[in-house]
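The values are calculated or read from the model by the stated rules, or taken from the named source; none is laboratory data. Every value quoted in this text rests on a predicted model; they were computed, and no experiment measured them. Cβ coordinates were reconstructed from backbone atoms using ideal geometry, including for glycine residues, and neighbour counts include every protein chain displayed.
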Amino acid sequence: MTRQEFWKFIEENEVLFVDLKVVDFYGGWKHVTLPIETVNDKLLENGIGFDASNFGYAVVEKSDMVMIPDLDTVILDDFGEYETASMICDVYDPQTGERFDQDPRGILTKVIEKVQSEGIADEILFGPEYEFHVLDEVTHEVKPNSIMLHIDSCEGFWNSGETGEYLIGRKRGYHRTAPFDKFFVLRNEIVNELVRLGIEVKYHHHEVGTAQLEIETNFMDAKKAADATLLTKYIIRNIALEHGFLVTFLPKPIYNEAGNGMHVHQFMRKGDKNVFAGDKVYGLSELALHYTAGILKHSRALLGFSNPTTNSYRRLVPGFEAPTNAVFALANRTSAIRIPGYVKDDAKRRIEFRTIDATCNPYLAFAAMILAGVDGILNKIDPTEEGYGPFDGDLSKSIQHPLPKNLEEAVLALKQDHDFLKRWDMFPEEMIDKWVEKKLEEHRLVSTITHPMEYQLYFDL
């Protein structure tokens, strides 16, 4: 969008406010809102200043940064009484005029541009799947004398003694129809809004778990996919709230129920050709196999960014469809990388990274994933020679290349193995160090809190 087109958009929609959004260090949106009277061409060019230390990725003594809006991201935000134009911003250092090297969106942008300039691919295409839970009630408390979590849902099978009818049985929600699927209309409303805002949706459906839903998008440029991830979470939560529901993307919000991943389908194109299609294993090209091998080789470190919460590892356990081994396989949902078995069209040939979840910062996670894959391409890593597959059967019971079992394992792996992230000076060492430090703090905090199950197991010993 040009500035002329921007002002035309403002006039046609009678916009009263402009909302500027910036992703913080951990993957959440922060925003500041301006009356339209204060917005002019100079502001659109130079941006506005803010305290980046409160966003997590700058030190206090050097925290003055500038957010500059990306006009290509303008949308009309329907939440609120007044017409508001929303834009995603990039972060710049006001002293140098250069993009701040720890801006997550800037890192992903640089990675994509470098892959293009190196002639590896013209396009990196991602298709994320968003899984989430819609809940009626959430209360939690951690005190020295009280540790409590209570959730409830109108679909909860645990309410069968009270409501009786039309509740989905445990692990029986996959693709259920109304009246058992109580969120069909809600998903339609969400998807209608996503499509209006330019996010193409492939389909939506009820997932396996109680109150668990999925929306899968069509392929888009990797940066747009990261933008779309934050926008999708924003839309889902706000529309659900209008209906009186709360939404969580936690990987494992309900004990012994299916968890929420954010599977990312991906391939690369040069010109009009899908360079992941070929005559090797499962119809993949040699380049695609090298890319796959790079992700699997660095998967333990990669999880430090793609699965960055203590809750992430409550999902990555045997007995469900979540992967526990860094291997690839055809049509196998227990592998870290699945090659979709139903894809026969070379134009759509792809891989699916199933480990990642939506608690990640999508810019950092996607950038790290691409750099891991590129490392495999440039070093011509053979996944079969390295023992990453292809494998058949239930991999949840295998110990082939085990993934980290907790956040500490993942971030310590990241601490040891991150040279692939520093290729072309993409991920600053200082930022990686800070990420590791913060995530270790989170792991240690959660590890120190007494768990109710410990009372059940050990109180009488």
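Annotations for the structure displayed:
- Count of residues meeting criterion [over 16 Å from residue 295 (Cα atoms), modelled with pLDDT of 95 or more and of a type in the set (Asp, Glu)] in region 358-417: 2
- Test: residue 317 is among the hydrophobic types (A, V, I, L, M, F, W, C), under 21 Å from residue 249 (Cα atoms) and assigned by TED's automatic domain parsing to the domain that holds residue 440: yes
- Just one of the numbered conditions (1) over 22 Å from residue 385 (Cβ atoms); (2) surrounded by 18 or more Cβ atoms within 10 Å (Cβ to Cβ) is not true of residue 238: (2).
- Of the residues examined, residue 99 is not one that is farther than 22 Å from residue 427 by Cβ, surrounded by 12 or more Cβ atoms within 10 Å (Cβ to Cβ) and among the basic types (Lys, Arg).
- Residue match in region 261-280 (condition: crowded, with 23+ Cβ neighbours inside 10 Å and either charged (D, E, K, R) or part of a helix (DSSP H, G or I) (or both)): no
- Scanning region 198-236 for residues that are of a type in the set (Val, Ile, Thr) and part of a strand (DSSP E or B) returns 201, 215, 217.
- Scan of region 1-37 for residues that are surrounded by fewer than 19 Cβ atoms within 10 Å (Cβ to Cβ), of a type outside the set (Asp, Glu) and over 28 Å from residue 57 (Cα atoms), ordered by number: 1, 2, 3, 4, 7, 8, 9, 10, 13, 16, 36
- All of (1) buried (at least 19 other Cβ atoms within 10 Å of the Cβ); (2) under 28 Å from residue 421 (Cβ atoms) hold for residue 54 with one exception: (1).
For (1) closer than 18 Å to residue 363 by Cβ; (2) touching a Lys or Arg at 6+ places or on another chain (Cβ under 9 Å), each residue gets a yes or a no:
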residue	(1), (2)
221	yes, no
230	yes, yes
247	no, yes
267	no, yes
275	no, yes
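- If the condition is being of a type in the set (A, V, I, L, M, F, W, C) and out of contact with any Gly (no Cβ under 8 Å at 6 or more places or on another chain), then region 408-437 contributes 412, 421, 424, 426, 427, 431, 432.
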